[in-house]
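Here the structure comes first, spelled out in structure tokens, and everything after it is commentary.
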Amino acid sequence: MTNDDIHKLVQQHHVEFISLQFTDIAGMLKNVTIPVSNLVDCLDHGVWFDGSALEGPARVAETDMYLIPDRSTFAVAPPDGDAGIATARLICDVHSPDGRPYAGDPRRVLRRAVEEAASMGFVYRLSAEVEFFLFKADGDGRPVLVPNDSVGYFDATNDTYTQFRRQVVKALQAYHIEVNATHHEGAVGQHEIDLQLESGLVAADAVMTMRQVLRSRALRQGMFASFMPKPMTGLPGSGMHVHQSLVDSVTGANLFADANDSYGLSQLAKHFIAGVLAHAPGMLAVLAPLVNSYKRLVPGFEAPVLVSWGRTNRGAFIRVPRVLSDRPQTTRIEVRSPDPSCNPYLAYAVMLKAGLDGIRRELPLPTAAEEDLVTMNARSRIHVPLPMTLGDAIQALQRDEVVADTLGPLIFERFVESRQKEWEEYRQHVSTWELDRYLPIY
Ligand code: GLU
Ligand code: MG
């Protein structure tokens, strides 16, 4: 997309404001709005902002940063809520005043990882299955823990929620985001939207836009879209399974496919899986970053609990979906541990770099685990359990050099610090569960 293309679209849609978007380390979408009269200057020079919004180093001298728009992300927002004021958005990279990419920008972390894959001749392709809950919202737009329906897994209903999902799909199309499918998930009030396969940065941008579109559309209908990994005790949590493959950057051929293998996997794919498994404990804090994430990663709810892989197994860290024999191009692996609260730029970067590490070191693929891992007792098996709490996951992260190197020293330090703080706060909190259980007895 050239500057001319952008100006044409601005005129055609009578765009009045531009929303400049970026993502902080915690994975929250941030925004600076400019009137369209500043667009030319913004495209030429970027826009100043206070870089401490990224939770980077709070040193005053370093907070002057610039948002540099990525022209390819220009999109006119679907006409809605905004009182008829046409708005467009541009996703931005963050640069320091000397013009260099800023190390505290999560999008840069993924950009670097993707560039490294490109230097090896690979394009990283991904698609996310985003699960979420629709709760009721109160008058102030805050969530109330009441699911909005009593429908079950894949139930075909023509209710307001099916319509809502269709509206979301149409709104996403305005941002050039294509959806493969949507359905009702296993728990009451739980839904899933599956995004189309895209290359690295585009795929991560799509997750950010989708979360925002879902949140704002739901609020307009008195609902709250929640990406909290496990909002309700005893019900399934929300995951964000990520399907991924490497394709040849010249021919576009899927490098994970090998029709002669019983799993349909090439040697390259096997090394990639081995790399992801080798770094599974170390990257888990990035894929599942909240205290609450670990209440999802428990047996019995089709969420991964062990460092393993398999075909039919929904309790494995990685699942290899069966593909039609005449469609080897769709060969992929599905990493099941990320949840929708993660920062997709950081999550995609660490998974890619772990896989590349497996390829470089030619790591051998462990035996597939096809037994039912969903309900089994992890300790009774030889498989390595995943970290069971955020505290354990932070410790594993601190020991993993590949993950640390992927994030870079600045983001690594800030990420660990913020996760540790959250974990300590939680560890010291006396919960209602403890009071209910212990106070009447002890
Ligand atoms: N909701 C489950 C999870 O937490 C996944 C269910 C499914 O297999 O789609 O990962
Ligand atoms: Mg699902």
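The values are calculated or read from the model by the stated rules, or taken from the named source; none is laboratory data. Values in this document were obtained by computation on a predicted structure and should not be read as measured data. All Cβ positions, even for glycine, are placed from backbone atoms using ideal geometry, and neighbour counts span all protein chains on display.
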#### Entry: From Val130, Val109, residue being touching a residue at least 40 places away in the same chain (Cβ under 8 Å) and either within 16 Å of ligand 1 (Cβ to nearest atom) or small (Gly, Ala, Ser) (or both)
Val130
### Query
Which strands (runs of 3 or more DSSP E) does segment 295-349 wholly contain that include 3 or more residues that are away from ligand 2 (no atom under 16 Å from the Cβ)?
306-310
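Listed here are the residues, each with its yes/no results for (1) modelled with pLDDT under 95; (2) surrounded by fewer than 18 Cβ atoms within 10 Å (Cβ to Cβ).
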| position | (1), (2) |
| --- | --- |
| Arg381 | yes, yes |
| Val384 | yes, yes |
| Pro387 | no, no |
| Asp392 | no, yes |
| Leu397 | no, no |
| Val403 | no, no |
| Thr406 | no, no |
### Query
Is it the case that some residue within segment 235-245 is crowded, with 17+ Cβ neighbours inside 10 Å, farther than 30 Å from Leu352 by Cβ, within 16 Å of ligand 1 (Cβ to nearest atom) and within 21 Å of the chain's Cα centre (by Cα)?
no
### Summary
When segment 127-157 is checked residue by residue, the ones that are within 16 Å of ligand 2 (Cβ to nearest atom) and at pLDDT 90 or above are Ser127, Ala128, Glu129, Val130, Glu131, Phe132, Phe133, Leu134
### Task
Give segment 309-346 a look and list any residue that's among the polar types (S, T, N, Q) and either within 15 Å of ligand 1 (Cβ to nearest atom) or touching a helix residue (DSSP H, G or I) at 6+ places or on another chain (Cβ under 6 Å) (or both), or say none.
Thr312, Asn313, Ser337, Ser341, Asn343
### Scan of segment 361-375 for residues that are out of contact with any His (no Cβ under 9 Å at 6 or more places or on another chain), modelled with pLDDT under 85 and buried (at least 16 other Cβ atoms within 10 Å of the Cβ), ordered by number
Val374
### Query
For segment 115-131, what are the residues that are part of a helix (DSSP H, G or I) and more than 9 Å from Leu246 (Cβ to Cβ)?
Glu115, Glu116, Ala118, Ser119
## Note on the structure
Of the residues in segment 203-231, those that are part of a strand (DSSP E or B), within 16 Å of ligand 2 (Cβ to nearest atom) and hydrophobic (A, V, I, L, M, F, W, C) come to Ala225
#### Entry: Residue list for segment 232-251, restricted to those being under 16 Å from Met210 (Cβ atoms), in a loop (DSSP other than H, G, I, E, B) and either more than 16 Å from ligand 2 (Cβ to nearest atom) or not small (Gly, Ala, Ser) (or both)
none
#### Entry: Unique match (being of a type in the set (Gly, Ala, Ser), more than 15 Å from ligand 2 (Cβ to nearest atom) and surrounded by 15 or more Cβ atoms within 10 Å (Cβ to Cβ)) among Gly200, Gly189
Gly200
### Task
For Tyr348, indicate whether it is under 26 Å from Ala206 (Cβ atoms), among the aromatic types (Phe, Trp, Tyr) and modelled with pLDDT of 90 or more.
yes
#### Entry: Residue tally, condition out of contact with any strand residue (DSSP E or B) (no Cβ under 9 Å at 6 or more places or on another chain) and outside any helix (DSSP H, G or I), over segment 6-35
5
### Qualifying positions in segment 184-193 - near ligand 1 (Cβ under 10 Å from one of its atoms) and under 19 Å from the mean Cα position of the chain (by Cα)
Glu185, Gln190, Glu192
### Task
Pick out the one residue from Ala269, Ala303 that is touching an Asp or Glu at 6+ places or on another chain (Cβ under 9 Å) and away from ligand 1 (no atom under 16 Å from the Cβ).
Ala269
#### Entry: Test set (1) closer than 30 Å to Lys353 by Cα; (2) surrounded by fewer than 21 Cβ atoms within 10 Å (Cβ to Cβ); (3) not basic (Lys, Arg) - Pro147 fails condition number
(1)
### Message
So His176 ticks every box in (1) in a loop (DSSP other than H, G, I, E, B); (2) within 22 Å of the chain's Cα centre (by Cα); (3) within 16 Å of ligand 2 (Cβ to nearest atom) but one. Which box is left unticked?
### Response
(3)
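Just name the residue that is surrounded by the most Cβ atoms within 10 Å (Cβ to Cβ) out of those in segment 299-323 that are within 11 Å of Pro385 (Cβ to Cβ) and not aromatic (Phe, Trp, Tyr).
Pro304
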